[in-house]
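First comes the structure, then the notes that go with it.
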Amino acid sequence: MQLPRYIAHRGLSAHAPENTLAAIQAASDASCEWVELDVQCLGDGTPVIWHDASVDRCSNGKGALINMTRNDIRPLDVGSWFSQDFRGERMALLDEALSLVSALGLGLNLELKINTGHDPAALARVAVHRARQVLPLDQLLVSSFDMSALETARAEDEALALGLLYEAVPRRWASDAERLRPTSVHADWTQLDQERLIEIQAAELAMLCYTVNEPERFSSWWDHGVTGVFTDDPGLFDTRYQRRTRGDGSRKPR
């Protein structure tokens, strides 16, 4: 798998509400090649693109996702909190997001988000099955902090590219890698350890860092061999990925 240097974190989340169809479209408009999105299930089992355990932060509603159904989330406005330009944006179903990612020709890092009370295996099965129906193997990377979710994902598809997701890469990472056979290791760049990075490079795995929005502070890590970064705005690093807009925020024709 040829992973890019920059992956738009939760879509182009510096310019559109995170984890929405608008953020995916904005990433494509900015010439990004890949996006990262979070998936979890509602209480009725519907997989949706969402990060938090509740809808409180990024919508006009209140409540935990685990207590909600597809009918409950449909009226929610998940765009106005970011900007009135996105008023009326709806929570994206996994199927809607996958369809748009495919139509735009993007690669996808799909993070299996396991919040309290959710079943890791159930999420992994439904997410991997649906993603593999839409995206080719070289455009799909599945990651998670939850190793049991990744074990289920690996059992679902032996050829699937997996990413081991940590805050700081632990000493046990090699044991996880031996069991799960990943393509990449992901970590918080502020907790990156050069010794672990050398080990990961020796194992011929990609090293991806999140969430990098300070190019100058991060710059030395490129020299140490980091493969790529998750960033809210790839345009901070390279003008080729700056979103081209009119004054009203709409896309300029190229």
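Since every read-out is calculated from the coordinates, none of them should be taken as a lab result. What you see is a predicted model; the values in this text were computed from it and never measured. Here Cβ is always computed from backbone atoms with ideal geometry, including for glycine, and neighbour counts include all displayed protein chains.
Percent of Cα pairs in the stretch 1-81 per distance bin of 10 Å, from zero to the largest separation: 19, 46, 27, 9, 0.
When the convex hull of the C-alpha atoms of the stretch 120-199 is computed, what volume per residue in Å³ does it have?
Working: hull volume 7.2 nm³, N = 80.
Roughly 90 Å³ of hull volume per residue.
Can you tell me the order of 24-31, 233-240 when each peptide is scored by its average per-residue count of other Cβ atoms within 10 angstrom, highest first? If you can, show how the numbers build up before the last one.
Numbers: 24-31: 21.9, 233-240: 17.2.
Highest to lowest by the protection proxy: 24-31, 233-240.
Just how large is the dipole of the stretch 17-170 about the Cα centre, in debye to the nearest 20, putting +1 at every Lys and Arg Cβ and -1 at every Asp and Glu Cβ?
Working: 11 positive and 23 negative charges, 74 e Å.
About 360 debye.
Expressed in Å, the radius of gyration and Dmax of the Cα atoms of the chain are 17.6, 51. Listed values for the stretch 171-180 are Karplus-derived 3J(HN,Hα) couplings in whole Hz (6.51 cos²θ - 1.76 cosθ + 1.60, θ = phi - 60°), namely 4, 7, 4, 5, 5, 4, 5, 4, 6, 9, and x replaces Gly and Pro. The string of couplings for the stretch 13-20 from the Karplus curve (6.51, -1.76, 1.60, θ = phi - 60°) is 6, 7, 10, 7, x, 4, 6, 10 Hz, one whole number per residue in order, with x for Gly and Pro.
Kirkwood Rh and Cα-based Rg: tell me the resulting Rg over Rh for the stretch 116-156, rounded to two decimals.
Details: Rg = 10.2 Å, Rh = 10.5 Å.
With Rg and the Kirkwood Rh in hand, the quotient comes to 0.97.
Suppose a student asked you for the relative contact order of the stretch 13-129, using Cα pairs under 8 Å spaced at least 6 residues apart; what percent would you report?
Here the relative contact order equals 31 percent.
For Asn109, the residues 5 or more places off, or on other chains, whose built amide H falls under 5 Å of its own are Val35, Glu36, Leu37, Leu141.
Do the sum for the chain: with -39,500 (n - 2.57) for every DSSP H run of n ≥ 4, divided by all residues, what is the mean residue ellipticity at 222 nm, to the nearest 500 deg cm²/dmol? The partial results should precede the final answer.
Working: 9 runs with 74 residues, N = 254.
Taken over the chain, the calculation gives -8000 deg cm²/dmol.
Sites count as exposed loop sites when they are GluC sites (Glu not before Pro), lie in a DSSP loop, and have at most 10 other Cβ atoms within 10 angstrom; the longest stretch of the chain without one is 1-157. The radius of gyration of the Cα set in the stretch 72-112, together with its Dmax, comes out at 12.2, 31 angstrom. Projecting the Cα positions of Leu197, Ser148, Leu123 onto the charge dipole of the chain (unit charges on Cβ atoms of Lys, Arg, Asp and Glu, taken about the Cα centre) puts Leu123 furthest along the positive direction. Residues whose amide H lies under 5 Å from that of Val229, counting only those 5 or more places away or on a different chain, are Tyr6, Ile7, Cys209; hydrogens are built 1.01 Å from N in the peptide plane. For the stretch 225-239, the Karplus equation 6.51 cos²θ - 1.76 cosθ + 1.60, evaluated at θ = phi - 60°, returns couplings of x, 4, 6, x, 9, 8, 9, 5, 8, x, x, 5, 9, 8, 5 Hz by residue, with Gly and Pro reported as x.
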